[in-house]
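First comes the structure, then the notes that go with it.
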Amino acid sequence: SAPRPVRIGLLQTRSWPVERRRPRADLVRNLRHMLEWVERAQAVDAHDWLAFHDCPLTGWERWSAAEARRVAIDLDGDQVGALADRARAHRCHVSFGALLRLADWPGRVVDATVFLSRTGAVASLHWTALPARGPAARDG
């Protein structure tokens, strides 16, 4: 029999600017928006992979390093956990770009694409190369 085609949903969603000093409420709003679009996409067709754009949770600004650390999310945090739950519930891969704080890179921010498997596990993490003047390169 012929192989089943892979169904990919590309989601270029809106993200609202994140307040630099108190990002929590804006991160929650952007996460809810992403979760809504997972549901919308899966209601239309059973996608195997839903691919979001870069930084749908935080947007992208010219933050100082301290601001970027405040705005960044944790790979094992609530936002990734909520998206992993949806990936698991719909048995689909989900990917999105994010500014991340990683335990093995303390004090730094990494711009990366997170790939979640159908089980909700982090299947892969692809770092984006930033120039030396980017937020990941600065200490202060």
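Does ALA25 satisfy being open to solvent by 20 Å² or more (accessible area, probe 1.4 Å) and more than 13 Å from the chain's Cα centre (by Cα)? When the stated conditions are applied, ALA25 passes them.
Can you tell me which residue in the stretch 105-133 is modelled with the lowest pLDDT, limited to those that are part of a loop (DSSP other than H, G, I, E, B) and in contact with a helix residue (DSSP H, G or I) (Cβ under 9 Å, 6 or more places away or on another chain)?
GLY107
Given the options ARG40, ARG88, ARG14, ARG20, name the one that is open to solvent by 80 Å² or more (accessible area, probe 1.4 Å) and in a loop (DSSP other than H, G, I, E, B).
The unique qualifying residue is ARG14.
Taking the listed residues LEU50, LEU31, the one that is touching a helix residue (DSSP H, G or I) at 6+ places or on another chain (Cβ under 9 Å), at pLDDT 95 or above, assigned to a strand (DSSP E or B) and surrounded by 17 or more Cβ atoms within 10 Å (Cβ to Cβ) is LEU50, with no other qualifying. The residues of the stretch 95-111 that are within 21 Å of ALA82 (Cβ to Cβ) and of a type in the set (A, V, I, L, M, F, W, C), listed by number, are PHE96, ALA98, LEU99, LEU100, LEU102, ALA103, VAL109, VAL110.
Being among the aliphatic types (A, V, I, L, M) and in a loop (DSSP other than H, G, I, E, B) is the filter here; which residues of the stretch 1-11 pass it? Give the derivation first.
Looking only at the stretch 1-11, we keep the residues that are among the aliphatic types (A, V, I, L, M), and these are 2, 6, 8, 10-11.
ALA2, VAL6, listed by residue number.
Quick one: would you say SER95 is buried (at least 19 other Cβ atoms within 10 Å of the Cβ), farther than 23 Å from SER124 by Cα and not aliphatic (A, V, I, L, M)? No.
The values are calculated or read from the model by the stated rules, or taken from the named source; none is laboratory data. These numbers come from a predicted model, not from an experiment. Ideal geometry is used to build each Cβ from the backbone, glycine not excepted, and the neighbour counts take in all protein chains shown. Surface accessibility is based on the protein's heavy atoms, side chains included, excluding ligands, DNA and RNA. Shrake-Rupley method; radii C 1.70, N 1.55, O 1.52, S 1.80 Å.
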